[in-house]
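The values are calculated or read from the model by the stated rules, or taken from the named source; none is laboratory data. Worth saying up front: this structure is predicted, and the values here are computed from it rather than measured. Every residue, glycine among them, receives a Cβ derived from its backbone with ideal geometry; neighbour counts consider all protein chains shown.
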Amino acid sequence: MDGNISGGEGDNFDWGTEDEQEIDNFSFSPSCYTLLGRAGSAEASGTKVVDHFVGMGFPEEIVAEAIKENGEENTDLILETLLRYSASSSASSSNSKLIDHFVGMGFSEDLVAKAIQENGEGNTDSILETLLTYSALETLPAEQPHVEEQPQIGEQTHIGEQPHFDSDQFSSEYEGSFLDDFSDMDSCSESEDVTNAVSGEDNRLLFLARMGYTAEDALIAIERCGPDSTVAELTDFICAAQMSKAADLLLGDEDKPRPQPKRKCFHYDILKRKKQLRLEKKLPNDHEELIRLPNPMIGYGVPNESPPFVHRTLPDAAKGPPYFFYENVALAPKGVWDTISRFLYEVEPEFVDSRYFCAAARKRGYIHNLPIQNRFPLLPTPPLTIQEAFPLTRKWWPSWDMRTKLNCLQTCIGSAKLTERIRKALKDSDDDHPPSLAVQKYVLEECRKWNLVWVGRNKVATLEADEVEMLLGFPKNHTRGISRTDRYKSLGNSFQVDTVAYQLSVLKDMFPRGINLLSLFSGIGGAEVALHRLGIPLKNVVAVEISEVNRNIVRGWWEQTNQRGNLIHIADVQEVDGDRLEQLMNSFGGFDLVVGGSPCNNLAGSNRHHRDGLEGRESSLFYDYCRILDLVNCITKRT
DNA sequence: ATCATCATGAGTGAGCGA
DNA sequence: TCGCTCACTCATGATGAT
């Protein structure tokens, strides 16, 4: 997933030093000149199409043949044809196929033969390592085909508002970085229907090609990671091999004095993480180390429960300042939390169910580098059961409905027709004449599914928006003034304030004079409200939130609560680049805390249509959280 | 255009017994 | 260990009303 660091985009890196240039030359073999930038404009003219595919490492005559066969317009078909040619031409024997693989990557045939002899055919990783070592020894800084600044491939989709590429040099430094490029993937998805491209081997090949990988790398990755591998795993695999070697070289080369480039640590962090990732992923198909959800889901402890025995040591790279706090749904598709954790400095997620903080469940994972001792809850303690939260329902609550907690509050509510169906199903029943077990079961299922509460005899109802606000720890009418649908949606996507506040409470003694907060995907301001309710003054808050409705809610709350600090809103997360961050951080002295819960749309179980994991259109914004956190870290540590 | 309403499962893990 | 049942899930898309 972070694989964009390999392949052609590597050229977009601003490796500002000779060493970095060396790595650049070394890790990106001649066949790796896949030009993502060109991919977007490939249909411009015939020669450009030819250039495009030749740049991907296909022979010119084959490219010409493929174009002749498919026409210039359909680059997808051309690529498929080329891949077919490529596959069939290298299918002669396993050994020659292996040689072809590596020759295709740009290594000389002699070296490849030698490397295979040394390592044996079976171990392609070792062969690759050997080859990379050879190359490192031989390669001198040489001219690289330069990737032009990435053109805008289609509209910004999830962000929706403005194109996100600046043209100035400083920000272009990051356009080529691998984390940025995930948002590019994102923008691709709208115009080129990449969403569909993620399934099936051919489609994954296309997808990887569009991301800038060579066909060879993509094929190897698919071969190694298996037919069911995700694009994330494939890109992980591809770049791990290349980057780890690069890291070895770079980090091992201690003697040579290196000038410190701007934000170099960003690159180093990536290198280190990729190396670690590679070490862990010795077998790309091996999923045995998956993070498991704890039961009970109480993280490092919750109020009124005996704390589990835990001792946590943060990886060095994760230690603040700044502190960071990341949140997402606990029940994400398999492997998602492993990936999230890898990208967030290998910090283990803390899974907490908000049922220990309020009357509704909310199973969430949090990754943060905060201390975990001496936490304290918000006061007053909110009602912990449905009946305490909604006393008026007691009168109507049937004895056979044993619920004391609501399920997760989501973005949608039950329909009026459903409550009517339930009312009819319960017709004529009361305490003396309870409904049949089948009816009870049906009603209870629907009540659980839609979080219905009893508001009359045999009458259930959905929660009102202000009731959801209360359950989530927001002030009453926090979201008032927008459409009902939007209120449910914004609330359903929000933090549970008491839960988050409990984890953030350790900051109170550390920042008695206030805190500078970077709040990514801030929504209706769950983090801001939590800090405010903890009594931590908000000095400067930079809130990044795409929804104008949500920004207005936070702005309104900011004014209503007479905040003395500064609230700066940014709509588009892509606007948050190095320049912008440096400017902001210089103006008030840096961020103390970076909070964010990236979109869960493509992770959440409720999503029947696009539960695509971290590569999903919205959920891939996680990588923007990483990108920005890295930038903040880097700027913080440099100053 | 905006909003409200409604119908629409699959993926996942826990728990259980064979 | 396997197969089964059960419960739960920060949602999306189509449609109609305003």
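A single entry from A:480, A:484, A:448, A:421 fulfils the requirement of being within 16 Å of DNA strand B (Cβ to nearest atom), closer than 24 Å to residue A:355 by Cβ and surrounded by fewer than 20 Cβ atoms within 10 Å (Cβ to Cβ): A:448.
Limited to the range A:458-488, what total is found for residues that are part of a loop (DSSP other than H, G, I, E, B), away from DNA strand C (no atom under 13 Å from the Cβ), under 12 Å from residue A:409 (Cα atoms) and in contact with a Leu (Cβ under 7 Å, 6 or more places away or on another chain)? Final tally of qualifying residues: 0.
Just one residue in the set A:296, A:308, A:321 is within 24 Å of residue A:536 (Cα to Cα) and in a loop (DSSP other than H, G, I, E, B); that residue is A:321. So is residue A:418 within 16 Å of DNA strand C (Cβ to nearest atom) and at pLDDT 95 or above or not? When the stated conditions are applied, residue A:418 does not pass them.
Mind checking whether some residue in the range A:367-384 is within 16 Å of DNA strand B (Cβ to nearest atom) and not charged (D, E, K, R)? Taking every residue of the range A:367-384 in turn, none turns out to be within 16 Å of DNA strand B (Cβ to nearest atom) and not charged (D, E, K, R).
Just so you know, in the range A:328-352 the residues that are acidic (Asp, Glu) and touching a helix residue (DSSP H, G or I) at 6+ places or on another chain (Cβ under 7 Å) include one that is nearest to DNA strand C (Cβ to nearest atom), and it is A:348.
Taking into account only those residues within the range A:578-608 that are small (Gly, Ala, Ser) and within 30 Å of residue A:362 (Cβ to Cβ), which is farthest from DNA strand C (Cβ to nearest atom)?
Just the residues of the range A:578-608 that are small (Gly, Ala, Ser), to begin with: A:578, A:587, A:589-590, A:596-598, A:604-606.
Filter once more, keeping what is within 30 Å of residue A:362 (Cβ to Cβ): A:596-598, A:604-606.
Numbers: A:596: 9, A:597: 4, A:598: 6, A:604: 4, A:605: 2, A:606: 3 Å.
Filtering the range A:578-608 for residues that are small (Gly, Ala, Ser) and within 30 Å of residue A:362 (Cβ to Cβ), the one farthest from DNA strand C (Cβ to nearest atom) comes out as A:596.
Return the only residue of A:369, A:374 being of a type in the set (S, T, N, Q), more than 16 Å from DNA strand C (Cβ to nearest atom) and surrounded by 17 or more Cβ atoms within 10 Å (Cβ to Cβ). Break it down into steps so the answer makes sense when it comes.
Values: A:374 fails: surrounded by 17 or more Cβ atoms within 10 Å (Cβ to Cβ).
Matching residue, one of A:369, A:374: A:369.
Note on the range A:345-358: among residues that are within 19 Å of residue A:526 (Cβ to Cβ) and part of a loop (DSSP other than H, G, I, E, B), the one that is nearest to DNA strand B (Cβ to nearest atom) is A:349.
Quick one: which residue in A:621, A:593, A:614, A:629 is under 18 Å from residue A:344 (Cα atoms), surrounded by 21 or more Cβ atoms within 10 Å (Cβ to Cβ) and within 16 Å of DNA strand B (Cβ to nearest atom)?
Working: A:621 fails: within 16 Å of DNA strand B (Cβ to nearest atom); A:593 fails: within 16 Å of DNA strand B (Cβ to nearest atom); A:629 fails: within 16 Å of DNA strand B (Cβ to nearest atom).
Of A:621, A:593, A:614, A:629, the one residue that is under 18 Å from residue A:344 (Cα atoms), surrounded by 21 or more Cβ atoms within 10 Å (Cβ to Cβ) and within 16 Å of DNA strand B (Cβ to nearest atom) is A:614.
Residues in the range A:451-465 that are without any contact (Cβ under 8 Å) to a residue 40 or more places away in the chain and surrounded by fewer than 17 Cβ atoms within 10 Å (Cβ to Cβ): A:464 only. Being within 16 Å of DNA strand B (Cβ to nearest atom), modelled with pLDDT under 50 and not assigned by TED's automatic domain parsing to the domain that holds residue A:528, is that true of even one residue in the range A:272-284? Checked against the condition, which is being within 16 Å of DNA strand B (Cβ to nearest atom), modelled with pLDDT under 50 and not assigned by TED's automatic domain parsing to the domain that holds residue A:528, the range A:272-284 yields no hits at all. Within the range A:489-503, being within 10 Å of DNA strand C (Cβ to nearest atom) and touching a Leu at 6+ places or on another chain (Cβ under 9 Å) holds for A:491, A:492, A:494, A:495, A:496.
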